[in-house]
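Here the structure comes first, spelled out in structure tokens, and everything after it is commentary.
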Amino acid sequence: MSDSIITFIDSDLPDTKIAKFVGQLDETNIEDEAKRVYAELEGGLKNMVFDFTELSYLNSKSIGYIADWQGKVTENNGKLVIFGAAENIFDILDVVGLTKLIEIVDDLEGAKGAL
């Protein structure tokens, strides 16, 4: 089983949380981790910032969830921003077209500025 922990951190911006991803998102853990993200979004959260600085891998199912989370944030009239994606993660998101839907920036300050 791959380790992946998503930690939710309150942001100094209103209606915004930061989700810090650590490790790998794959078949062994994505279902449980996805439920936690959905719980945050269904609580009326407007904006979500994904910190990918310590995310080393994601599989195709994880990509599908990211696309769906983007849709949920949009339904809440908010925005999803990703920062700190390693080159391999960015390349995957780019190939599947998510970089056209989700703003991806270098760091937390850039993410805050994008909101």
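The values are calculated or read from the model by the stated rules, or taken from the named source; none is laboratory data. This structure is a prediction, so every number in the text was calculated from the model and none was measured. Please note: Cβ atoms are built from the backbone with ideal geometry, for glycine as well, and neighbour counts cover all protein chains shown.
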**OP:** From the list 88, 77, pick out the single residue that is in a loop (DSSP other than H, G, I, E, B) and among the polar types (S, T, N, Q).
**Re:** 77
**OP:** Take the range 31-54 and flag every residue that is within 21 Å of residue 113 (Cβ to Cβ) and either in contact with a Phe, Trp or Tyr (Cβ under 9 Å, 6 or more places away or on another chain) or in a helix (DSSP H, G or I) (or both).
**Re:** 48, 49, 50, 51, 52, 53
**OP:** Would you be able to say whether some residue in the range 46-58 is free of Cβ contacts under 8 Å to residues at least 12 places away in the same chain, more than 12 Å from the chain's Cα centre (by Cα) and closer than 21 Å to residue 87 by Cβ?
**Re:** no
**OP:** Starting from residues that are surrounded by 15 or more Cβ atoms within 10 Å (Cβ to Cβ), among the acidic types (Asp, Glu) and under 26 Å from residue 91 (Cβ atoms), keep the ones in the range 1-45 and report whichever is farthest from the chain's Cα centre (by Cα).
**Re:** 26
**OP:** Please specify each residue of the range 64-91 satisfying the condition of being among the aliphatic types (A, V, I, L, M) and buried (at least 18 other Cβ atoms within 10 Å of the Cβ).
**Re:** 66, 73, 80, 81, 82, 85, 89
Original post:
When you scan the range 98-115, how many residues do you find that are at pLDDT 95 or above, farther than 24 Å from residue 31 by Cβ and outside any helix (DSSP H, G or I)?
Top reply: 5
Original post:
Got at least one residue in the range 62-71 being under 20 Å from residue 12 (Cβ atoms) and within 12 Å of the chain's Cα centre (by Cα)?
Top reply: no
